[in-house]
Amino acid sequence: MCKKVISKAVIKRLPRYYRYLGELLEDGVERISSGELSERMKVTASQIRQDLNNFGGFGQQGYGYNVRYLHQEIGKILGLDRVHNMIIIGAGNLGQALANYTSFERSGFKTVGLFDVNPVLKGVTVRGIPIRMIDELPEFIKENQVEIATLTLPKSRATEMAELLVQNGIRAIWNFALTDLNLCLPKDVIVENVHLSESLMRLSYNLTSYEEAKKKK
């Protein structure tokens with residue numbers, strides 16, 4: 001039987017469902033209808049039902065969704081029911097900030113190593129994690145069953161480092177370098193390119209559009 005292909009748009013919304021359901025759990029909410037969830041998330045109830053039906057639905061007519069159960073099931077779909085060992089390449093300000101962000105570990109993403117090329121940083125610890133040099137990388141990946149590598153290094157070194165990571169068994173890269181890596185890596189390598197500046201530019205566009213609209217009134 002062929003596995004059903006889930007659209008990228010649905011996958012993109014799953015973390016939002018997970019986050020909102022987690023907030024409902026914290027508020028002590030036990031069940032919720034698609035209509036109530038749509039009001040919170042600003043997504044139509046029809047869209048929510050369609051999205052969840054890709055994975056079996058999870059709801060009961062006249063009852064809605066069991067919040068805890070749905071949260072757990074979406075967590076399983078997202079692979080959050082197990083631990084993913086992760087390393088950070090580039091121990092500058094951004095790399096250290098990510099290493100200090102403990103919420104990742106609550107979602108199953110455990111930072112087990114920090115790497116840099118600057119010998120001054122060797123042995124410095126960030127949240128108990130010592131910064132290692134790049135020459136230790138291959139052995140470390142193998143010994144610690146690392147699944148994900150986070151790149152927080154300059155654009156000029158990103159492609160070279162990504163290729164080194166792939167050669168040593170990494171198949172998932174969270175890329176904060178200012179370049180897209182998709183075109184330079186094998187198709188079986190999963191890359192999530194993060195461009196913080198693009199998010200700010202979208203914010204700037206919306207702010208400017210709002211201000212222009214106010215002037216015209």
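The values are calculated or read from the model by the stated rules, or taken from the named source; none is laboratory data. Keep in mind it's a predicted model, so treat the numbers as computed, not measured. Quick reminder, even Gly has a Cβ in these numbers, built from the backbone with ideal geometry, and neighbours come from all protein chains shown. Calculation scope for accessible area: heavy atoms of the full protein, side chains included, ligands and nucleic acids excluded. Shrake-Rupley method; radii C 1.70, N 1.55, O 1.52, S 1.80 Å.
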For this session: Just name the residue that is farthest from Ile173 (Cα to Cα) out of those in the stretch 102-117 that are at pLDDT 95 or above and not hydrophobic (A, V, I, L, M, F, W, C).
Result: Asp116
For this session: Return only the number of the condition from (1) open to solvent by 20 Å² or more (accessible area, probe 1.4 Å); (2) within 20 Å of Ser107 (Cβ to Cβ) that Val5 does not satisfy.
Result: (2)
For this session: Taking Leu165 as the residue in question, decide whether it is in contact with a Gly (Cβ under 8 Å, 6 or more places away or on another chain), at pLDDT 95 or above and within 24 Å of Leu78 (Cα to Cα).
Result: no
For this session: Exactly one condition in (1) touching a strand residue (DSSP E or B) at 6+ places or on another chain (Cβ under 7 Å); (2) part of a helix (DSSP H, G or I) is not met by Asp180; state its number.
Result: (2)
Exercise. Is it the case that some residue within the stretch 132-151 is outside any loop (DSSP other than H, G, I, E, B), among the polar types (S, T, N, Q), farther than 29 Å from Glu23 by Cβ and open to solvent by 80 Å² or more (accessible area, probe 1.4 Å)?
Worked result: no
For this session: Mind listing whichever residues of the stretch 113-131 are buried (at least 16 other Cβ atoms within 10 Å of the Cβ) and of a type in the set (A, V, I, L, M, F, W, C)?
Result: Leu114, Phe115, Leu121, Val126, Ile129, Ile131
Seminar exercise, completed: Scanning the stretch 20-50 residue by residue, the ones that are out of contact with any Phe, Trp or Tyr (no Cβ under 7 Å at 6 or more places or on another chain) and either among the aromatic types (Phe, Trp, Tyr) or open to solvent by 100 Å² or more (accessible area, probe 1.4 Å) (or both) total 8
Seminar exercise, completed: Within the stretch 2-33, restricting to residues that are part of a helix (DSSP H, G or I) and of a type in the set (Ser, Thr, Tyr), the one that is nearest to Arg49 (Cα to Cα) is Tyr17
Seminar exercise, completed: Going through the stretch 51-72 in order, the residues found to be without any contact (Cβ under 8 Å) to a residue 24 or more places away in the chain and open to solvent by 60 Å² or more (accessible area, probe 1.4 Å) are Asn53, Gly56, Gln60, Gln61, Gly62, Tyr69, Gln72
